[in-house]
Each structure stands twice: as C-alpha cells, then as structure tokens.
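Engineer: Structure below; questions to follow.
The values are calculated or read from the model by the stated rules, or taken from the named source; none is laboratory data. Predicted model, so just to flag it, every value in this text is computed and none were measured. No Cβ is skipped: glycine too gets one built from the backbone with ideal geometry, and neighbour counts run over all protein chains shown. These accessible areas exclude ligands, DNA and RNA; they are computed on the full protein's heavy atoms, side chains included. Shrake-Rupley method; radii C 1.70, N 1.55, O 1.52, S 1.80 Å.
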Amino acid sequence: MNMLPDAESLEPGTEIEGGFHPLFADVPSSVEFNKLRKRLLRLTRQAIEDFSMVKPGQRWLVALSGGKDSYGLLAVLLDLKWRGLLPVDLLACNLDQGQPNFPKQILPDYLARYAIPHRIEYQDTYSVVTGKLPEGSTYCSLCSRLRRGHLYRIAREEGCSALVLGHHREDILETFFMNLFHGGRLAAMPAKLLNDEGDVMVLRPLSYCAETDLEKFAASMRFPIIPCDLCGSQEGLQRNAMKAMLEDIEKRMPGRKDTMLRALSNSRPSHLLDRKLFDFAALDETPTARQDISDDI
C-alpha cells in the first residue's frame, strides 16, 4: 500500500507551507540542479513506496557520518518531509568513533545552524578496531559492526523504529558482486531489513540513486564533507575492485548499472541452482511444476 501523499503537483523549487527547508535556502537556481534534486526526490520516494518503508507517525534515526551519501540522505528526507511527503519524525545521529583528528564541531554546528534535531554520540570504537586488527588489515567489517550495534542502541533509546542509512545504487551492486566473487552466494544489500533482535528496521531509501548524482548534489549543496581516515584511505579493498569493474562496464556499455539493479528485483529461482528456493524434484512428478524454458531456446 502506498503510504505517501500524492506529489504530482510538487516539483523541486515549488514553495509550500513556510517556503523551503532552511537547508535549501541558498541552493543553485539552475535548471540542472533542479532536475538533479527532482530525480533524487523521485527515486527516493519510489524506493520508500516499493519497499513499504513508511508507517505514519514513526520516528527514524538517520545515520550521519559526514560523508556525501549520508548528507544527501538527510537532505532528501528533510525535503520530502517539508513537502508533506514523508509523515515520520527524523532524528539525525552522528557516532563519533574516536578517530584521530576528527573535526568534532563540524556536524553539530551544521545541524544546529539549520535547526535539525540531532544526537551526537561518542564511542571510541577506533581504539577497539585498531587494537584487535594488525596494521594494514581491512578495518571496514569490524568497524561497521561496532558502529551498527551502537546505532541500534541509540535507536532504542530515542524511540526510533528504524535506522536509516545512506547506501546507494553502487553500494548495492558492489555488495552483490563481492558476494558473487568472494562469498559464493547471490545476495546484495537489502533496501529494508529487520535487525537480528527484531526491534529495529534498517532502511536504505537511496537504493535507486546513483552515486554520481549524490556527488553532484553534495557539491551543489556545499556539504562540509568529513573524510574517513580509518578505512576510507586504505588501498586494495575488495570493494574498490568491484567499483572499478562496474565503472569499466558502465563506460563501455552505458546503462548497465540500471539494468543490473533491475535484475536484482527480477529473479527466477527455477532458472538458478538453489534447491532450497525451487523444488526441482517436483518437476518429475507433476506437469504443472514444469519450468518455462522458452526464453532460453
């Protein structure tokens, strides 16, 4: 069921009750930016509807790292909410993980400037990660698990039913190929997932959004980007290899990323090899279970 109000008459740049959210007071007035903003709004709303993310009156904890993706996520959600298209409360949350030289005041100052409800939490996971793993190791996996655990706790403390993350189209495709090449399974990054404890939903409203669009959006919005000095600078990560592969495919065959993303929502268990998803034994017992192989001939 579509839980979002109709938005056919609301285009980016349309003033509604009270004008614009303060975050958009000084955005470019160019046609190019308006198209970009409209595209991000449309794709985000589409993901929210497709995966039934919204129940009116809920509260969402929006994880804000200081990177382009999480800034973009927060801005788009605030834009939708301001337009009356997202009937939930939003609480931005940054987890200060104790990384050396982390500019602690950038995010709280930014959020306060635009009167965005927020919570800043300090937890020194940096020392935990660097203490457990040898120098030169890939920190991302352990770092993300520790971070996610704290964010679940904060969501519970703040009465939030969902933790909202800024993963985009490329993140999903890279995860799919990492699982394919290294994990031996067909799995990507879900747009909606219930945590193991069963009390916090994980949402990824930017699932359909392209990373290049988010990069352009961040530049136009002049977000105060904070680089990750823990894992963002490490070379040789498997994800970097997947990113390079996908960029090469897209360069040689434009549009393939969108095609691959559509494929993730168009699976055919009978044409794969997973006996847990399709009863191949039943094909010998009943004609009605026969596969349609006409597409493969």
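Engineer: Say we look at the range 239-288 and pick out the residues that are hydroxyl-bearing (Ser, Thr, Tyr) and more than 28 Å from the chain's Cα centre (by Cα); which of these is surrounded by the most Cβ atoms within 10 Å (Cβ to Cβ)?
Structural biologist: Step one: of the range 239-288, the residues hydroxyl-bearing (Ser, Thr, Tyr) are 259, 265, 267, 270, 286, 288.
From what is left, the residues that are more than 28 Å from the chain's Cα centre (by Cα) are 270, 286, 288.
On the way: 270: 16, 286: 9, 288: 7.
This residue is 270.
Engineer: Is at least one residue of the range 199-209 of a type in the set (Lys, Arg) and open to solvent by less than 50 Å² (accessible area, probe 1.4 Å)? Show your work before the answer.
Structural biologist: Of all residues in the range 199-209, those of a type in the set (Lys, Arg) come to 204.
With the extra rule that they be open to solvent by less than 50 Å² (accessible area, probe 1.4 Å), the set shrinks to 204.
The answer is yes, given that some residue of the range 199-209 is of a type in the set (Lys, Arg) and open to solvent by less than 50 Å² (accessible area, probe 1.4 Å).
Engineer: Follow-up question, since we're still on this one. Looking at the range 30-60, which of its residues are free of Cβ contacts under 8 Å to residues at least 24 places away in the same chain and of a type in the set (Gly, Ala, Ser)? Break it down into steps so the answer makes sense when it comes.
Structural biologist: Taking the range 30-60 as the starting set, the residues that turn out to be free of Cβ contacts under 8 Å to residues at least 24 places away in the same chain are 30-32, 34-35, 42.
Hit for the range 30-60 is 30, nothing else.
Engineer: Which of the residues that make up the range 65-99 are open to solvent by 10 Å² or more (accessible area, probe 1.4 Å), assigned to a loop (DSSP other than H, G, I, E, B) and not charged (D, E, K, R)?
Structural biologist: If the condition is that a residue be open to solvent by 10 Å² or more (accessible area, probe 1.4 Å), assigned to a loop (DSSP other than H, G, I, E, B) and not charged (D, E, K, R), then 65, 67, 84, 87, 97, 98, 99 are the ones that fit.
Engineer: Still on this structure, I have one more. Select from the range 16-59 the residues that are closer than 19 Å to residue 222 by Cβ and small (Gly, Ala, Ser) and list them in ascending order.
Structural biologist: Within the range 16-59, 25, 29, 30 qualify.
Engineer: Suppose we filter 81, 104 for residues that are under 16 Å from residue 61 (Cα atoms) and not aliphatic (A, V, I, L, M); which single one remains? Lay out the reasoning, then the answer.
Structural biologist: Working: 104 fails: under 16 Å from residue 61 (Cα atoms).
Going through 81, 104 in turn, the sole match is 81.
Engineer: If I ask for residues that are assigned to a helix (DSSP H, G or I), within 20 Å of residue 51 (Cβ to Cβ) and hydrophobic (A, V, I, L, M, F, W, C), which ones from the range 148-199 would you list?
Structural biologist: Of everything in the range 148-199, those that are assigned to a helix (DSSP H, G or I), within 20 Å of residue 51 (Cβ to Cβ) and hydrophobic (A, V, I, L, M, F, W, C) turn out to be 151, 155, 172, 173, 176.
Engineer: Go through (1) part of a helix (DSSP H, G or I); (2) modelled with pLDDT of 95 or more; (3) crowded, with 18+ Cβ neighbours inside 10 Å; (4) not basic (Lys, Arg) for residue 46 and report which single condition fails.
Structural biologist: Result: residue 46 fails condition (3) only.
Engineer: On to the next question. Evaluate the following for residue 95: is it within 16 Å of residue 23 (Cα to Cα) and touching a His at 6+ places or on another chain (Cβ under 7 Å)? Can you show your working first?
Structural biologist: Values: within 16 Å of residue 23 (Cα to Cα): no; touching a His at 6+ places or on another chain (Cβ under 7 Å): yes.
Against the criterion (within 16 Å of residue 23 (Cα to Cα) and touching a His at 6+ places or on another chain (Cβ under 7 Å)), residue 95 does not qualify.
Engineer: Pairs under 9 Å by beta carbon, first residue within 26 Å of residue 257 (Cα to Cα) in the range 191-209, partner in a loop (DSSP other than H, G, I, E, B) and aromatic (Phe, Trp, Tyr), six or more apart or different chains?
Structural biologist: 191/51; 191/208; 192/51; 203/51; 204/51; 205/51; 207/51
Engineer: Still on this model: Quick check: anything in the range 178-188 farther than 30 Å from residue 107 by Cα, among the basic types (Lys, Arg), open to solvent by less than 60 Å² (accessible area, probe 1.4 Å) and in contact with a helix residue (DSSP H, G or I) (Cβ under 9 Å, 6 or more places away or on another chain)?
Structural biologist: no
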